[in-house]
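Here, each number is a calculation from the coordinates, and none is a lab measurement. Owing to the predicted nature of the structure, the values given are computational and were not obtained by experimental measurement. Every residue, glycine as well, gets a Cβ built from its backbone with ideal geometry; the counts of neighbours run over all protein chains shown.
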Amino acid sequence: MDESPDSKKAWALSQKIFPILNDFSTCNQEDTFFKSQFEELCNYMQANGLQDFLQQLIINQVEKRFRDEIVPAFWSYFQKSELHNKDLNQFYNAVKSLYDNYKEMDKITSGLELFRQCTHVTKIPYNEKTINNALKLILKATVLAQSPLNYQAVTLSFYETALRIEDVDSYLGFDSGHCAACDQDSCNCLHLLQETNRKLSEMNLLEPLVGQTFTNLSHKYIYTHIQKMCKDNYDSFITRLETWLHTVVIVWLRKMYSFDTSICLNEAMDTFQTKLVNYLYNSYTKIRINQLFNIVIEYPESLPALEDIRLCLPRTDLKPLLMKKLQRAMETRLLHHGVSTADILTAYVATIKSLKVLDPTGVLLESVTDPIHQYLREREDTVRCVMSSLTEEGPNDLAEELHKRGAVDENINVEDGDDDWETWTPDPIEAAVSPNPPKDVGSRRNVDIISMLVDIYGSNELFVNEYRNLLADRLLSQYTSDTEKEIRYLELLKLKFGDSNLHFCEVMLKDVVDSKRINQRIKEDSEYSESIVPLSTLIVSQQFWPPFKEEKLELHSKVAEQIKQFTAGFETLKGSRTLCWKNHLGVVNIEIELNDRTFNLSVSPMQATILMHFQDKDTWQLEELSNVMQCTASLLRRKISFWISHGILSETSIDMFSVQNVENKNLAKVVFCDEDFEAESAMASVQDQKDEEFQNIWTYIVGMLKNLDSLPLDRIHHMLKMFAFQGLTTECSPSELKVFLDRKVRKRLLIFSNNLYTLPK
Amino acid sequence: MKVTIKQWSGVASWKWVANDDNCGICRMPFDSCCPDCKLPGDDCPLVWGQCSHCFHMHCIVKWLQSQTVNQQCPMCRQEWKFNNK
Ligand SMILES: [Zn+2]
Ligand SMILES: [Zn+2]
Ligand SMILES: [Zn+2]
């Protein structure tokens, strides 16, 4: 700018009209100039082509003022962290001061706008349409450029309080007259909020400054709301939640943005809504996934929640998360020592049913149940548990499944009809990543829980064998006299496992029915007298029953006499047939009268026999009695301890036992530690059976070695496989065979050298 | 002490009184049944020949029907005669 008197005058005029050009000015835009002065300035600037220059000069000053004074002052409000959260004033005051300054600047820019129009300046800074727009742009840029890192803590707390004031959920608190923000009866919190929003909107700062806060806050609000709803409640919520989102969250946001003229409100709300609905679905699904183990366990009460998850899964990418979380929950909460097999089975059935709801294709099911299968396979009592719950009385998931079977069979054709190419859909992608890809899609359509359980073991036979053992135990102990019921169950099992597998059990049940008739016939015989012991006998077809545990026992002569009579009766009735007694099996109802007390008990034949001998003679020596009863002393001692625990016998000196005719009050109230016969199975265990089978192959091995002198392990195994293994229930592996042979070596029945087995000379 | 047996429920298995365990024709145990039967005992009885050999009734009847000329015991080749003892 040259130093001519004109120019000096013009500069003074400019400074008067635009005091901001004055560096030390207090920035008060005064209205003390005249219209003529303004026109003079315009004319001069235009004549000298300086109008653009002046405009730029003023804009620079405005920017400088924002940068150096106004915006730092605004942000300085955010440093006052000592203010407690509930206070709306912190942010309000910041916005108010910023707004006041903005208004001051706006006066300058209105003057500039006028100047621009008079001097026909075409170029507006930042290519805006008006100087005011440019001002807002400068403001926004400066505010954002100087924003401290954590300013959102303040805005978040401000709008959180705002939300609390407005929240329909907590309207109760508000209606009572207390403001949720300041706890006072009448306050202007609502006014502060509105003013803040209005001012921010006017400065075009609402969205840039607090838009993110609104999003974060909505998310937080939605998440806690869902969590509150879903806690311990497995209802269906998704529709209710969506309505809530529209009527509460979106309405609130609309209110917040209502002063903002820079945006199209409806459009902005639509965008918000789309994003928030997505967030809602995602959060709801995640929260439900975290609860999924409980939801599964609560099936079928939790069915509504499961239906919700099924609806939500296609809208989210959470299927992999669901699989991972559920698998982990199963491992930590179900598949460990602390949980009984019966409970695992119940949970397993619930899992299958629940996952069928979530994913009818069954792909999900396979990936989640795989670890359960592996675990159940390791548990020794699984088969027994499955079989006993299948045949158990009372409501029970597996038993229900068995009863349903008939209906399922009838539906098979209908299912197949569904399977045509037009309705075919590809397997979900997870099928490819699941460790055991299913071989046959069709087989998955119809989930048969019992079959799935049986498949864990790969064979029906194992299950049927276990059922046979259970049935034998029940029939022998005569707990179940209801053979009709057993026969009904057997019919159901036959539908599932096939007739031939269960044929043995059919004969067993027939034995029970026949026995009743034979007992009756024998007792009707005039030759037969039951004067000594009331006897009833279960007559079994040995070949069809599982192998019994062998135990030697000589019965008391009275019982032996009765049994002899019964056998005679049987032989008369059934020519050419006789009876082989299993003395140790059965149940005895016994009444014991002592001087001061009477007992009625159901005990094993051995325990009854012991007492019958003590009736004859008060005191017995262990060795003596074991000779009479033909059983080992150690077994006898164990059985005697049962009577000692009942206070009927006592050990008077080492290996001497006597009847305790008068109750010994000093003897601590007996703890029934009885390893009672009831708990023991009469059936030989799997190990017993296996040992017996090995004993049979031992003869083959001896014969082999006699002929061929010496053989290596694999040759022996190979030859056994060809000749001896046919009849065995389970084939033995070479390693099992080695264990068996090595036992023989230790007993010096075999010699092992140079990897060859030979017989000792 | 007085012990009263109210009820003795015993267990016994039935067994054919025969001089062998298995049927010489079908090789199944006598106490089981012949291959054509499902139930043992009354439903699949044993019969004795005068030669003292015995078989499942169903087995020997089938055997005799298959013999066109002589009715012989499959074990000792003597003429088969039922022993109605
Ligand atoms: Zn036969
Ligand atoms: Zn037969
Ligand atoms: Zn003969």
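Packing-wise, with mean Cβ within 10 Å as the measure, how do A:645-652, A:105-112, A:616-623 rank, highest first?
The packing order, highest mean first, is A:105-112, A:645-652, A:616-623.
Taking only Cα atoms, what is the 0 to 90° angle, nearest 10, from helix B:57-66's long axis to the longest principal axis of chain B?
Its long axis makes an angle of about 10 degrees.
With 23 Å as the limit, write out which pairs from A:K103/A:K129; A:K485/A:K523; A:K516/A:K574; A:K485/A:K582 have Cα-Cα distances beyond it, or answer none.
From A:K103/A:K129; A:K485/A:K523; A:K516/A:K574; A:K485/A:K582, over 23 Å: A:K485/A:K523; A:K485/A:K582.
Within 10 Å of each Cβ of A:533-539, how many other protein chain Cβ atoms are there on average?
5
What number of lysine-lysine pairs in chain B show an alpha-carbon separation below 20 angstrom, given a sequence spacing of 8 or more or placement on distinct chains?
The number of close lysine pairs in chain B is 4.
For segment A:479-576, what is the largest minus smallest coordinate of the Cα atoms on each principal axis, given in angstrom and ordered from greatest to least?
Cα extents, longest axis first: 47, 31, 29 Å.
How large is the Kirkwood hydrodynamic radius of segment B:16-84, counting all unique pairs of alpha carbons, in Å?
12.0 Å
Order B:33-42, A:231-240, A:502-511 from most to least packed using the mean count of other Cβ atoms within 10 Å.
A:502-511, B:33-42, A:231-240
For peptide A:597-603, compute the average count of partner chain beta-carbon atoms within 10 Å of each residue's beta-carbon.
1
Which GluC sites (Glu not before Pro) does segment A:544-597 hold that lie in a coil by DSSP with at most 11 other beta carbons within 10 Å?
For GluC sites (Glu not before Pro) across segment A:544-597 that sit outside H, G, I, E and B with at most 11 neighbouring Cβ atoms in 10 Å, the list reads A:E550.
Between A:K220 and A:N60, how high is the FRET efficiency from 1/(1 + (r/R0)^6) when r is the Cβ-Cβ distance and R₀ = 51 Å? Nearest 0.05.
0.75
How many partner chain Cβ atoms sit within 10 Å of a residue's Cβ in peptide A:556-567, on average, as a whole number?
1
Could you sort the peptides A:318-326, B:65-73 by per-residue average Cβ neighbour count (10 Å cutoff), highest mean leading?
Final packing ranking: A:318-326, B:65-73.
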